[in-house]
1. In region A:89-121, which residue that is part of a loop (DSSP other than H, G, I, E, B) and among the aliphatic types (A, V, I, L, M) is farthest from A:ILE147 (Cα to Cα)?
2. How many residues does region A:88-106 hold that are of a type in the set (A, V, I, L, M) and within 10 Å of chain B (Cβ to nearest Cβ)?
3. For region B:136-153, enumerate the residues that are open to solvent by 20 Å² or more (accessible area, probe 1.4 Å) and away from ligand 2 (no atom under 16 Å from the Cβ).
4. Only one residue in A:ARG109, A:ARG74 is among the charged types (D, E, K, R), over 21 Å from B:GLU238 (Cα atoms) and at pLDDT 95 or above, so which one is that?
5. How many residues does region A:143-166 contain that are in contact (Cβ under 8 Å) with a residue 60 or more places away in the chain and assigned to a loop (DSSP other than H, G, I, E, B)?
6. Answer with yes or no whether B:ALA201 is more than 7 Å from chain A (Cβ to nearest Cβ) and part of a loop (DSSP other than H, G, I, E, B).
7. Across region A:204-245, what is the total count of residues that are open to solvent by 60 Å² or more (accessible area, probe 1.4 Å) and more than 7 Å from chain B (Cβ to nearest Cβ)?
2 protein chains.
Amino acid sequence: MKITAFTVDGVPMIKEGDDLAEILAGLVKLEDDDIVVFAHTIVSKAEGRRYFLGDIVPTPRAEELARLNNEDPRFIQHVLNNSTKILMRHPLLVETVWGNVCINAGTDRSNTESGYILSLPEDPDRSARRLRDRLFELTGKRVAVIITDTNGRSFRVGQIGVAVGCAGIAALRDRRGDKDLFGHELKITIQAIADEAAACANMLMGEADEGTPIAIIRGYQYLKDDRGIKPSFRTDEEDIVKKALLEMV
Amino acid sequence: MKITAFTVDGVPMIKEGDDLAEILAGLVKLEDDDIVVFAHTIVSKAEGRRYFLGDIVPTPRAEELARLNNEDPRFIQHVLNNSTKILMRHPLLVETVWGNVCINAGTDRSNTESGYILSLPEDPDRSARRLRDRLFELTGKRVAVIITDTNGRSFRVGQIGVAVGCAGIAALRDRRGDKDLFGHELKITIQAIADEAAACANMLMGEADEGTPIAIIRGYQYLKDDRGIKPSFRTDEEDIVKKALLEMV
Ligand SMILES: Nc1nc2c(ncn2[C@@H]2O[C@H](COP(=O)(O)OP(=O)(O)O)[C@@H](O)[C@H]2O)c(=O)[nH]1
Ligand SMILES: Nc1nc2c(ncn2[C@@H]2O[C@H](COP(=O)(O)OP(=O)(O)O)[C@@H](O)[C@H]2O)c(=O)[nH]1
Ligand SMILES: [Mn+2]
Ligand SMILES: [Mn+2]
Ligand SMILES: [Mn+2]
Ligand SMILES: [Mn+2]
(Lines give C-alpha, C1' and ligand atoms only; values in the text may rest on other atoms or scores of the structure.)
(Ligands and ions follow the chains in the order given, each with its own letter.)
Protein backbone atom coordinates (compact mmCIF):
# COMPACT_ATOMS: atom_id res chain seq x y z
CA MET A 1 0.00 0.00 0.00
CA LYS A 2 1.36 3.40 -0.95
CA ILE A 3 -0.19 6.79 -0.42
CA THR A 4 0.72 10.38 -0.98
CA ALA A 5 -0.64 13.05 1.31
CA PHE A 6 -0.27 16.78 0.84
CA THR A 7 -1.66 20.06 2.01
CA VAL A 8 -3.25 22.44 -0.49
CA ASP A 9 -1.44 25.75 -0.96
CA GLY A 10 -3.22 29.05 -1.48
CA VAL A 11 -6.32 28.65 0.68
CA PRO A 12 -7.41 32.21 1.62
CA MET A 13 -8.74 33.40 4.99
CA ILE A 14 -12.19 31.84 5.08
CA LYS A 15 -15.28 33.85 5.97
CA GLU A 16 -18.98 33.12 6.34
CA GLY A 17 -20.62 32.04 3.11
CA ASP A 18 -17.44 30.98 1.33
CA ASP A 19 -17.84 27.99 -0.97
CA LEU A 20 -15.00 25.75 0.23
CA ALA A 21 -15.52 23.21 -2.53
CA GLU A 22 -15.22 25.90 -5.18
CA ILE A 23 -12.10 27.33 -3.56
CA LEU A 24 -10.54 23.86 -3.40
CA ALA A 25 -11.51 22.95 -6.95
CA GLY A 26 -9.70 26.10 -8.12
CA LEU A 27 -6.50 25.14 -6.32
CA VAL A 28 -5.98 21.45 -7.01
CA LYS A 29 -6.96 18.76 -9.48
CA LEU A 30 -8.86 16.13 -7.53
CA GLU A 31 -8.87 12.45 -8.44
CA ASP A 32 -11.52 9.81 -7.86
CA ASP A 33 -11.21 8.22 -4.41
CA ASP A 34 -9.09 11.02 -2.95
CA ILE A 35 -9.74 11.51 0.74
CA VAL A 36 -10.18 15.26 1.12
CA VAL A 37 -9.60 16.38 4.70
CA PHE A 38 -10.82 19.76 5.97
CA ALA A 39 -9.84 21.24 9.34
CA HIS A 40 -13.23 21.98 10.93
CA THR A 41 -12.05 25.53 11.60
CA ILE A 42 -12.62 26.57 7.97
CA VAL A 43 -15.87 24.59 7.70
CA SER A 44 -17.04 26.33 10.87
CA LYS A 45 -16.08 29.73 9.48
CA ALA A 46 -17.79 29.11 6.14
CA GLU A 47 -20.94 27.97 7.96
CA GLY A 48 -21.02 31.07 10.17
CA ARG A 49 -20.31 29.21 13.40
CA ARG A 50 -18.39 32.23 14.68
CA TYR A 51 -19.82 33.98 17.75
CA PHE A 52 -19.06 37.34 19.34
CA LEU A 53 -18.23 36.90 23.03
CA GLY A 54 -19.82 40.26 23.79
CA ASP A 55 -23.21 38.86 22.77
CA ILE A 56 -23.16 36.02 25.31
CA VAL A 57 -24.67 36.44 28.79
CA PRO A 58 -23.30 33.86 31.24
CA THR A 59 -25.46 32.11 33.84
CA PRO A 60 -24.21 31.60 37.42
CA ARG A 61 -23.35 28.02 36.52
CA ALA A 62 -21.09 29.21 33.71
CA GLU A 63 -19.52 31.77 36.08
CA GLU A 64 -18.69 29.00 38.52
CA LEU A 65 -17.19 26.68 35.90
CA ALA A 66 -15.30 29.66 34.48
CA ARG A 67 -13.67 30.35 37.87
CA LEU A 68 -12.69 26.69 38.16
CA ASN A 69 -11.14 26.70 34.68
CA ASN A 70 -9.73 30.23 34.80
CA GLU A 71 -11.79 31.01 31.69
CA ASP A 72 -14.09 33.73 30.36
CA PRO A 73 -17.63 32.97 31.68
CA ARG A 74 -19.08 33.87 28.28
CA PHE A 75 -16.84 31.29 26.60
CA ILE A 76 -17.97 28.67 29.13
CA GLN A 77 -21.62 29.65 28.61
CA HIS A 78 -21.20 29.00 24.91
CA VAL A 79 -19.64 25.61 25.66
CA LEU A 80 -22.62 24.71 27.87
CA ASN A 81 -25.03 25.80 25.13
CA ASN A 82 -23.40 23.25 22.83
CA SER A 83 -23.25 20.37 25.34
CA THR A 84 -25.65 17.76 26.63
CA LYS A 85 -23.48 16.26 29.41
CA ILE A 86 -20.52 17.32 31.51
CA LEU A 87 -18.03 14.47 31.98
CA MET A 88 -15.36 16.49 33.79
CA ARG A 89 -15.50 19.98 35.22
CA HIS A 90 -11.82 20.87 34.94
CA PRO A 91 -10.76 20.61 32.21
CA LEU A 92 -14.29 21.03 30.91
CA LEU A 93 -14.91 17.74 29.12
CA VAL A 94 -18.39 17.47 27.62
CA GLU A 95 -20.53 15.47 25.28
CA THR A 96 -21.64 17.80 22.53
CA VAL A 97 -25.13 18.18 21.14
CA TRP A 98 -23.74 16.42 18.14
CA GLY A 99 -22.56 13.42 20.18
CA ASN A 100 -18.80 13.47 20.35
CA VAL A 101 -16.85 13.90 23.55
CA CYS A 102 -14.27 16.68 23.69
CA ILE A 103 -12.86 19.51 25.77
CA ASN A 104 -14.88 22.77 25.62
CA ALA A 105 -17.26 21.25 23.04
CA GLY A 106 -14.53 21.89 20.48
CA THR A 107 -14.91 25.67 20.81
CA ASP A 108 -11.82 27.48 19.49
CA ARG A 109 -10.29 30.83 20.12
CA SER A 110 -7.18 30.29 18.01
CA ASN A 111 -7.14 31.07 14.30
CA THR A 112 -10.09 33.45 14.61
CA GLU A 113 -10.43 37.16 15.42
CA SER A 114 -10.00 38.51 18.96
CA GLY A 115 -13.30 38.61 20.81
CA TYR A 116 -14.78 35.87 18.64
CA ILE A 117 -15.06 32.14 19.18
CA LEU A 118 -15.65 29.33 16.75
CA SER A 119 -17.84 26.26 17.29
CA LEU A 120 -17.75 22.91 15.58
CA PRO A 121 -20.17 22.65 12.63
CA GLU A 122 -23.73 22.01 13.77
CA ASP A 123 -23.78 18.59 12.11
CA PRO A 124 -20.30 17.71 10.81
CA ASP A 125 -21.47 14.62 8.93
CA ARG A 126 -23.95 16.77 7.03
CA SER A 127 -21.22 19.33 6.33
CA ALA A 128 -19.01 16.53 5.00
CA ARG A 129 -21.77 15.19 2.76
CA ARG A 130 -22.44 18.66 1.36
CA LEU A 131 -18.77 19.20 0.61
CA ARG A 132 -18.51 15.83 -1.10
CA ASP A 133 -21.63 16.45 -3.19
CA ARG A 134 -20.53 19.96 -4.14
CA LEU A 135 -17.07 18.69 -5.09
CA PHE A 136 -18.68 16.10 -7.33
CA GLU A 137 -20.88 18.78 -8.91
CA LEU A 138 -17.86 20.98 -9.63
CA THR A 139 -15.25 18.39 -10.60
CA GLY A 140 -17.08 15.17 -11.52
CA LYS A 141 -14.78 13.35 -9.10
CA ARG A 142 -16.12 11.03 -6.41
CA VAL A 143 -14.08 11.73 -3.31
CA ALA A 144 -14.42 11.03 0.39
CA VAL A 145 -14.51 13.96 2.82
CA ILE A 146 -13.32 14.01 6.42
CA ILE A 147 -13.67 16.99 8.76
CA THR A 148 -11.11 17.06 11.58
CA ASP A 149 -10.48 18.64 14.92
CA THR A 150 -7.41 18.47 17.15
CA ASN A 151 -8.23 16.67 20.43
CA GLY A 152 -6.47 15.57 23.59
CA ARG A 153 -6.59 11.98 24.83
CA SER A 154 -6.73 10.15 28.15
CA PHE A 155 -3.39 8.92 29.57
CA ARG A 156 -1.24 10.69 26.96
CA VAL A 157 0.19 14.18 26.66
CA GLY A 158 -0.51 16.16 23.50
CA GLN A 159 -3.25 16.26 20.91
CA ILE A 160 -3.95 14.47 17.66
CA GLY A 161 -6.32 14.95 14.75
CA VAL A 162 -9.63 13.11 14.97
CA ALA A 163 -12.56 12.93 12.57
CA VAL A 164 -15.61 14.93 13.68
CA GLY A 165 -17.52 14.22 10.49
CA CYS A 166 -17.13 12.25 7.28
CA ALA A 167 -18.84 11.25 4.05
CA GLY A 168 -18.12 8.64 1.41
CA ILE A 169 -15.75 6.66 3.62
CA ALA A 170 -16.54 4.05 6.25
CA ALA A 171 -15.25 5.54 9.51
CA LEU A 172 -14.85 2.04 10.91
CA ARG A 173 -13.53 -1.08 9.24
CA ASP A 174 -14.68 -4.12 11.14
CA ARG A 175 -12.02 -6.83 10.99
CA ARG A 176 -13.74 -9.24 13.36
CA GLY A 177 -13.79 -12.65 11.72
CA ASP A 178 -10.94 -11.84 9.34
CA LYS A 179 -7.99 -14.22 9.50
CA ASP A 180 -4.54 -13.34 10.85
CA LEU A 181 -1.26 -14.70 9.44
CA PHE A 182 -1.76 -17.97 11.33
CA GLY A 183 -5.35 -18.48 10.20
CA HIS A 184 -6.98 -17.43 13.50
CA GLU A 185 -10.00 -15.18 13.43
CA LEU A 186 -9.60 -11.69 14.87
CA LYS A 187 -11.94 -11.25 17.82
CA ILE A 188 -12.14 -7.54 18.57
CA THR A 189 -10.36 -5.46 15.98
CA ILE A 190 -12.25 -2.56 14.42
CA GLN A 191 -9.99 -0.19 12.52
CA ALA A 192 -10.89 3.46 13.13
CA ILE A 193 -9.83 4.43 9.62
CA ALA A 194 -11.37 7.93 9.54
CA ASP A 195 -9.53 8.80 12.74
CA GLU A 196 -6.24 7.42 11.44
CA ALA A 197 -6.66 9.40 8.23
CA ALA A 198 -7.53 12.49 10.31
CA ALA A 199 -4.35 12.05 12.36
CA CYS A 200 -2.30 11.71 9.19
CA ALA A 201 -3.82 14.86 7.65
CA ASN A 202 -3.59 16.85 10.87
CA MET A 203 0.12 16.12 11.13
CA LEU A 204 0.51 17.91 7.79
CA MET A 205 -1.87 20.81 8.48
CA GLY A 206 -0.25 21.99 11.70
CA GLU A 207 -1.90 24.00 14.47
CA ALA A 208 -0.65 27.57 14.24
CA ASP A 209 -0.10 29.98 11.33
CA GLU A 210 0.71 27.37 8.68
CA GLY A 211 -2.43 28.38 6.78
CA THR A 212 -3.00 24.87 5.43
CA PRO A 213 -6.47 23.73 6.51
CA ILE A 214 -6.99 21.21 3.68
CA ALA A 215 -5.03 18.03 3.06
CA ILE A 216 -5.53 15.32 0.48
CA ILE A 217 -4.74 11.65 1.00
CA ARG A 218 -4.35 9.90 -2.34
CA GLY A 219 -4.01 6.20 -3.08
CA TYR A 220 -5.58 4.75 0.06
CA GLN A 221 -8.00 1.86 -0.44
CA TYR A 222 -10.93 2.43 1.85
CA LEU A 223 -14.42 1.07 2.31
CA LYS A 224 -17.26 3.33 1.29
CA ASP A 225 -20.41 3.97 3.23
CA ASP A 226 -22.53 6.93 4.20
CA ARG A 227 -23.03 6.45 7.88
CA GLY A 228 -20.68 9.27 8.77
CA ILE A 229 -18.69 9.42 12.00
CA LYS A 230 -21.62 8.77 14.34
CA PRO A 231 -21.06 4.99 14.58
CA SER A 232 -17.72 5.89 16.20
CA PHE A 233 -19.32 7.42 19.30
CA ARG A 234 -19.58 4.99 22.18
CA THR A 235 -22.83 4.92 24.11
CA ASP A 236 -22.77 5.67 27.85
CA GLU A 237 -23.47 2.00 28.62
CA GLU A 238 -20.60 0.54 26.64
CA ASP A 239 -18.07 3.15 27.74
CA ILE A 240 -16.83 2.37 31.22
CA VAL A 241 -14.55 5.43 31.31
CA LYS A 242 -17.51 7.69 30.53
CA LYS A 243 -19.54 5.91 33.18
CA ALA A 244 -16.80 6.42 35.77
CA LEU A 245 -16.54 10.11 34.92
CA LEU A 246 -20.30 10.68 34.99
CA GLU A 247 -20.39 9.19 38.50
CA MET A 248 -17.59 11.49 39.70
CA VAL A 249 -18.83 14.78 38.25
CA MET B 1 3.88 19.81 3.01
CA LYS B 2 3.83 16.60 1.02
CA ILE B 3 4.64 13.10 2.14
CA THR B 4 4.62 9.64 0.70
CA ALA B 5 3.97 6.67 2.94
CA PHE B 6 4.24 3.05 1.96
CA THR B 7 4.46 -0.42 3.40
CA VAL B 8 7.49 -2.59 2.67
CA ASP B 9 6.79 -5.73 0.65
CA GLY B 10 8.52 -9.03 1.27
CA VAL B 11 8.98 -9.01 5.04
CA PRO B 12 9.18 -12.71 6.08
CA MET B 13 7.63 -14.32 9.16
CA ILE B 14 9.79 -12.94 11.94
CA LYS B 15 11.31 -15.18 14.62
CA GLU B 16 13.47 -14.69 17.67
CA GLY B 17 16.92 -13.36 16.87
CA ASP B 18 16.05 -11.95 13.44
CA ASP B 19 17.88 -8.74 12.55
CA LEU B 20 14.97 -6.52 11.47
CA ALA B 21 17.26 -3.72 10.31
CA GLU B 22 19.14 -6.08 8.04
CA ILE B 23 15.92 -7.53 6.65
CA LEU B 24 14.58 -4.03 5.97
CA ALA B 25 17.84 -2.79 4.44
CA GLY B 26 17.64 -5.70 2.00
CA LEU B 27 14.11 -4.79 0.91
CA VAL B 28 14.10 -1.02 0.46
CA LYS B 29 16.46 1.87 -0.15
CA LEU B 30 16.17 4.18 2.84
CA GLU B 31 16.67 7.92 2.65
CA ASP B 32 17.88 10.37 5.28
CA ASP B 33 15.02 11.57 7.51
CA ASP B 34 12.67 8.75 6.61
CA ILE B 35 10.40 7.82 9.48
CA VAL B 36 10.58 4.04 9.65
CA VAL B 37 7.60 2.57 11.47
CA PHE B 38 7.64 -0.99 12.83
CA ALA B 39 4.56 -2.76 14.20
CA HIS B 40 5.68 -3.85 17.67
CA THR B 41 4.58 -7.37 16.86
CA ILE B 42 7.68 -8.05 14.76
CA VAL B 43 9.97 -6.22 17.19
CA SER B 44 8.49 -8.34 19.97
CA LYS B 45 9.03 -11.53 17.96
CA ALA B 46 12.64 -10.63 17.10
CA GLU B 47 13.35 -9.86 20.75
CA GLY B 48 11.90 -13.17 21.94
CA ARG B 49 8.93 -11.65 23.75
CA ARG B 50 6.85 -14.70 22.85
CA TYR B 51 5.63 -16.84 25.74
CA PHE B 52 4.11 -20.30 25.88
CA LEU B 53 0.80 -20.22 27.76
CA GLY B 54 1.46 -23.74 29.08
CA ASP B 55 4.44 -22.39 31.06
CA ILE B 56 2.38 -19.85 33.02
CA VAL B 57 0.83 -20.70 36.40
CA PRO B 58 -2.02 -18.33 37.29
CA THR B 59 -2.60 -16.99 40.80
CA PRO B 60 -6.11 -16.82 42.31
CA ARG B 61 -6.18 -13.10 41.46
CA ALA B 62 -5.57 -13.88 37.80
CA GLU B 63 -8.25 -16.61 37.94
CA GLU B 64 -10.74 -14.07 39.25
CA LEU B 65 -9.91 -11.42 36.63
CA ALA B 66 -10.00 -14.14 33.97
CA ARG B 67 -13.55 -15.10 34.94
CA LEU B 68 -14.60 -11.46 34.81
CA ASN B 69 -13.07 -11.02 31.35
CA ASN B 70 -13.93 -14.48 30.02
CA GLU B 71 -10.22 -15.02 29.39
CA ASP B 72 -7.56 -17.67 29.91
CA PRO B 73 -6.19 -17.24 33.48
CA ARG B 74 -2.65 -17.81 32.20
CA PHE B 75 -3.04 -14.97 29.72
CA ILE B 76 -4.29 -12.70 32.52
CA GLN B 77 -1.40 -13.78 34.76
CA HIS B 78 1.01 -12.73 32.07
CA VAL B 79 -0.75 -9.36 31.78
CA LEU B 80 -0.43 -8.85 35.55
CA ASN B 81 3.27 -9.75 35.40
CA ASN B 82 3.76 -6.90 32.95
CA SER B 83 1.67 -4.30 34.81
CA THR B 84 2.20 -1.97 37.72
CA LYS B 85 -1.39 -0.68 38.12
CA ILE B 86 -4.89 -1.82 37.22
CA LEU B 87 -7.05 1.09 36.00
CA MET B 88 -10.08 -0.98 34.99
CA ARG B 89 -10.88 -4.63 35.68
CA HIS B 90 -13.09 -5.28 32.67
CA PRO B 91 -11.79 -4.68 30.10
CA LEU B 92 -8.43 -5.12 31.81
CA LEU B 93 -6.84 -1.69 31.43
CA VAL B 94 -3.42 -1.43 33.04
CA GLU B 95 -0.36 0.71 33.29
CA THR B 96 2.54 -1.37 32.03
CA VAL B 97 5.93 -1.76 33.67
CA TRP B 98 7.16 0.39 30.82
CA GLY B 99 4.70 3.19 31.63
CA ASN B 100 2.05 3.30 28.96
CA VAL B 101 -1.62 2.61 29.59
CA CYS B 102 -3.32 -0.02 27.48
CA ILE B 103 -5.67 -3.00 27.51
CA ASN B 104 -4.04 -6.32 28.54
CA ALA B 105 -0.60 -4.64 28.75
CA GLY B 106 -0.51 -4.87 24.96
CA THR B 107 -0.32 -8.66 25.06
CA ASP B 108 -1.33 -10.17 21.70
CA ARG B 109 -2.65 -13.50 20.62
CA SER B 110 -3.21 -12.59 16.98
CA ASN B 111 -0.45 -12.97 14.39
CA THR B 112 1.41 -15.49 16.54
CA GLU B 113 1.24 -19.30 16.91
CA SER B 114 -1.61 -20.98 18.80
CA GLY B 115 -0.77 -21.45 22.46
CA TYR B 116 1.69 -18.57 22.40
CA ILE B 117 1.30 -14.93 23.38
CA LEU B 118 3.36 -11.90 22.51
CA SER B 119 4.29 -9.01 24.83
CA LEU B 120 5.33 -5.50 24.00
CA PRO B 121 9.11 -5.04 23.85
CA GLU B 122 10.63 -4.70 27.33
CA ASP B 123 11.72 -1.12 26.64
CA PRO B 124 10.30 0.05 23.29
CA ASP B 125 12.34 3.27 23.25
CA ARG B 126 15.50 1.23 23.59
CA SER B 127 14.32 -1.11 20.83
CA ALA B 128 13.70 1.92 18.61
CA ARG B 129 17.15 3.36 19.32
CA ARG B 130 18.79 0.04 18.51
CA LEU B 131 16.91 -0.24 15.23
CA ARG B 132 17.84 3.31 14.28
CA ASP B 133 21.51 2.75 15.13
CA ARG B 134 21.64 -0.56 13.32
CA LEU B 135 19.96 0.96 10.24
CA PHE B 136 22.59 3.71 10.24
CA GLU B 137 25.35 1.10 10.53
CA LEU B 138 23.98 -0.84 7.58
CA THR B 139 22.83 1.96 5.28
CA GLY B 140 24.56 5.17 6.38
CA LYS B 141 21.13 6.82 6.49
CA ARG B 142 19.94 8.76 9.51
CA VAL B 143 16.31 7.85 9.99
CA ALA B 144 13.77 8.11 12.77
CA VAL B 145 12.17 4.95 14.12
CA ILE B 146 8.69 4.55 15.63
CA ILE B 147 7.35 1.32 17.10
CA THR B 148 3.55 1.08 17.06
CA ASP B 149 0.74 -0.83 18.64
CA THR B 150 -2.98 -0.76 17.86
CA ASN B 151 -4.95 0.63 20.82
CA GLY B 152 -8.53 1.48 21.75
CA ARG B 153 -9.54 4.90 23.06
CA SER B 154 -11.99 6.34 25.56
CA PHE B 155 -15.33 7.55 24.16
CA ARG B 156 -14.77 6.18 20.65
CA VAL B 157 -15.33 2.84 19.01
CA GLY B 158 -12.43 1.19 17.22
CA GLN B 159 -8.67 1.24 17.51
CA ILE B 160 -5.87 3.34 16.06
CA GLY B 161 -2.11 3.06 15.82
CA VAL B 162 -0.13 4.70 18.64
CA ALA B 163 3.60 4.99 19.25
CA VAL B 164 4.89 2.73 22.02
CA GLY B 165 8.51 3.71 21.40
CA CYS B 166 10.54 6.03 19.20
CA ALA B 167 14.04 7.28 18.44
CA GLY B 168 15.40 10.20 16.44
CA ILE B 169 12.05 12.03 16.36
CA ALA B 170 10.51 14.31 18.99
CA ALA B 171 7.30 12.53 20.02
CA LEU B 172 5.82 15.88 21.02
CA ARG B 173 6.03 19.22 19.27
CA ASP B 174 5.23 21.97 21.72
CA ARG B 175 3.42 24.81 19.95
CA ARG B 176 2.70 26.87 23.06
CA GLY B 177 3.79 30.42 22.38
CA ASP B 178 3.69 30.02 18.60
CA LYS B 179 1.49 32.52 16.77
CA ASP B 180 -1.77 31.66 15.03
CA LEU B 181 -3.00 33.33 11.81
CA PHE B 182 -4.21 36.33 13.78
CA GLY B 183 -1.01 36.80 15.75
CA HIS B 184 -2.31 35.33 19.03
CA GLU B 185 -0.13 32.94 20.98
CA LEU B 186 -1.30 29.33 21.26
CA LYS B 187 -1.88 28.45 24.90
CA ILE B 188 -2.13 24.69 25.15
CA THR B 189 -1.30 22.98 21.88
CA ILE B 190 1.26 20.18 21.93
CA GLN B 191 1.26 18.14 18.74
CA ALA B 192 1.59 14.42 19.41
CA ILE B 193 3.54 13.87 16.20
CA ALA B 194 4.80 10.35 16.92
CA ASP B 195 1.24 9.22 17.57
CA GLU B 196 -0.08 10.89 14.42
CA ALA B 197 2.68 9.26 12.39
CA ALA B 198 1.88 5.93 14.07
CA ALA B 199 -1.80 6.29 13.14
CA CYS B 200 -0.84 7.06 9.54
CA ALA B 201 1.47 4.05 9.31
CA ASN B 202 -0.97 1.72 11.06
CA MET B 203 -3.69 2.60 8.57
CA LEU B 204 -1.39 1.20 5.85
CA MET B 205 -0.17 -1.87 7.76
CA GLY B 206 -3.58 -3.31 8.57
CA GLU B 207 -4.42 -5.69 11.40
CA ALA B 208 -4.92 -9.14 9.94
CA ASP B 209 -3.01 -11.19 7.36
CA GLU B 210 -1.72 -8.29 5.27
CA GLY B 211 1.85 -9.21 6.23
CA THR B 212 3.07 -5.61 6.12
CA PRO B 213 4.53 -4.77 9.54
CA ILE B 214 6.86 -2.00 8.33
CA ALA B 215 5.84 1.34 6.81
CA ILE B 216 7.96 4.28 5.77
CA ILE B 217 6.87 7.90 5.91
CA ARG B 218 8.99 10.02 3.61
CA GLY B 219 9.14 13.79 3.29
CA TYR B 220 7.78 14.82 6.68
CA GLN B 221 9.65 17.61 8.45
CA TYR B 222 9.93 16.66 12.08
CA LEU B 223 11.87 17.79 15.13
CA LYS B 224 14.62 15.51 16.31
CA ASP B 225 15.33 14.52 19.85
CA ASP B 226 16.19 11.37 21.73
CA ARG B 227 13.76 11.41 24.60
CA GLY B 228 11.66 8.64 23.13
CA ILE B 229 7.95 8.23 23.80
CA LYS B 230 8.16 8.49 27.59
CA PRO B 231 7.42 12.25 27.74
CA SER B 232 4.01 11.33 26.24
CA PHE B 233 2.88 9.41 29.31
CA ARG B 234 0.80 11.49 31.69
CA THR B 235 1.55 11.18 35.37
CA ASP B 236 -1.22 10.04 37.74
CA GLU B 237 -1.47 13.56 39.16
CA GLU B 238 -2.01 15.37 35.88
CA ASP B 239 -4.40 12.77 34.45
CA ILE B 240 -7.84 13.23 35.91
CA VAL B 241 -9.29 10.29 33.97
CA LYS B 242 -6.62 8.00 35.38
CA LYS B 243 -7.32 9.37 38.85
CA ALA B 244 -11.05 8.73 38.48
CA LEU B 245 -10.42 5.17 37.33
CA LEU B 246 -7.92 4.40 40.09
CA GLU B 247 -10.51 5.49 42.63
CA MET B 248 -13.17 3.21 41.13
CA VAL B 249 -11.11 0.02 40.73
N1 LIG C 1 -5.66 29.40 4.75
C2 LIG C 1 -6.32 29.34 5.91
N3 LIG C 1 -5.83 28.52 6.87
C4 LIG C 1 -6.52 28.42 8.03
C5 LIG C 1 -7.67 29.18 8.32
N6 LIG C 1 -8.08 28.87 9.59
C7 LIG C 1 -7.20 27.97 10.07
N8 LIG C 1 -6.25 27.69 9.13
C9 LIG C 1 -5.14 26.73 9.20
O10 LIG C 1 -5.74 25.44 9.37
C11 LIG C 1 -4.86 24.58 10.10
C12 LIG C 1 -5.59 24.04 11.30
O13 LIG C 1 -5.93 25.10 12.19
P14 LIG C 1 -6.49 24.84 13.64
O15 LIG C 1 -6.71 26.14 14.33
O16 LIG C 1 -5.59 23.86 14.34
O17 LIG C 1 -7.90 24.17 13.30
P18 LIG C 1 -8.71 22.95 13.96
O19 LIG C 1 -7.74 21.85 14.26
O20 LIG C 1 -9.73 22.58 12.93
O21 LIG C 1 -9.35 23.50 15.21
C22 LIG C 1 -3.63 25.45 10.43
O23 LIG C 1 -2.68 25.22 9.40
C24 LIG C 1 -4.18 26.87 10.37
O25 LIG C 1 -3.17 27.82 10.09
C26 LIG C 1 -8.17 30.03 7.28
O27 LIG C 1 -9.20 30.71 7.41
N28 LIG C 1 -7.45 30.06 6.11
N1 LIG D 1 5.55 -10.17 7.15
C2 LIG D 1 5.12 -10.26 8.41
N3 LIG D 1 4.05 -9.52 8.77
C4 LIG D 1 3.63 -9.60 10.07
C5 LIG D 1 4.24 -10.42 11.02
N6 LIG D 1 3.57 -10.27 12.19
C7 LIG D 1 2.58 -9.39 11.96
N8 LIG D 1 2.62 -8.97 10.67
C9 LIG D 1 1.77 -7.97 10.00
O10 LIG D 1 1.99 -6.74 10.70
C11 LIG D 1 0.80 -5.93 10.63
C12 LIG D 1 0.38 -5.53 12.03
O13 LIG D 1 0.02 -6.71 12.74
P14 LIG D 1 -0.71 -6.63 14.15
O15 LIG D 1 -1.00 -8.03 14.62
O16 LIG D 1 -1.86 -5.69 14.05
O17 LIG D 1 0.46 -6.00 15.05
P18 LIG D 1 0.45 -4.90 16.22
O19 LIG D 1 -0.47 -3.78 15.81
O20 LIG D 1 1.88 -4.48 16.34
O21 LIG D 1 -0.03 -5.62 17.46
C22 LIG D 1 -0.22 -6.75 9.84
O23 LIG D 1 -0.08 -6.39 8.47
C24 LIG D 1 0.28 -8.18 10.04
O25 LIG D 1 -0.14 -9.06 9.01
C26 LIG D 1 5.38 -11.19 10.61
O27 LIG D 1 6.00 -11.92 11.39
N28 LIG D 1 5.77 -11.06 9.31
MN1 LIG E 1 -10.78 23.13 16.65
MN1 LIG F 1 -5.84 21.86 14.89
MN1 LIG G 1 -0.15 -5.47 19.53
MN1 LIG H 1 -2.22 -3.80 14.82
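The values are calculated or read from the model by the stated rules, or taken from the named source; none is laboratory data. The shown structure was predicted, so the numbers you read here are calculated from the model rather than taken from an experiment. Quick reminder, even Gly has a Cβ in these numbers, built from the backbone with ideal geometry, and neighbours come from all protein chains shown. Areas reflect the complete protein model, heavy atoms only, side chains present, ligands, DNA and RNA absent. Shrake-Rupley method; radii C 1.70, N 1.55, O 1.52, S 1.80 Å.
1. The selected residue is A:LEU92.
2. 4
3. So the first thing to find is which residues in region B:136-153 are open to solvent by 20 Å² or more (accessible area, probe 1.4 Å), and the list is B:136-142, B:150-153.
Hits for region B:136-153 are B:PHE136, B:GLU137, B:LEU138, B:THR139, B:GLY140, B:LYS141, B:ARG142.
4. Values: A:ARG109 fails: at pLDDT 95 or above.
Of A:ARG109, A:ARG74, the one residue that is among the charged types (D, E, K, R), over 21 Å from B:GLU238 (Cα atoms) and at pLDDT 95 or above is A:ARG74.
5. The number of residues fulfilling the criteria is 2.
6. Working: more than 7 Å from chain A (Cβ to nearest Cβ): yes; part of a loop (DSSP other than H, G, I, E, B): no.
No, not satisfied.
7. Counting residues in region A:204-245 that are open to solvent by 60 Å² or more (accessible area, probe 1.4 Å) and more than 7 Å from chain B (Cβ to nearest Cβ) gives 11.
Conditions tested, residue by residue: (1) within 18 Å of the chain's Cα centre (by Cα); (2) of a type outside the set (Gly, Ala, Ser).
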site	(1), (2)
B:ILE3	no, yes
B:LEU30	no, yes
B:HIS40	yes, yes
B:LEU53	no, yes
B:VAL57	no, yes
B:ALA66	no, no
B:PHE75	no, yes
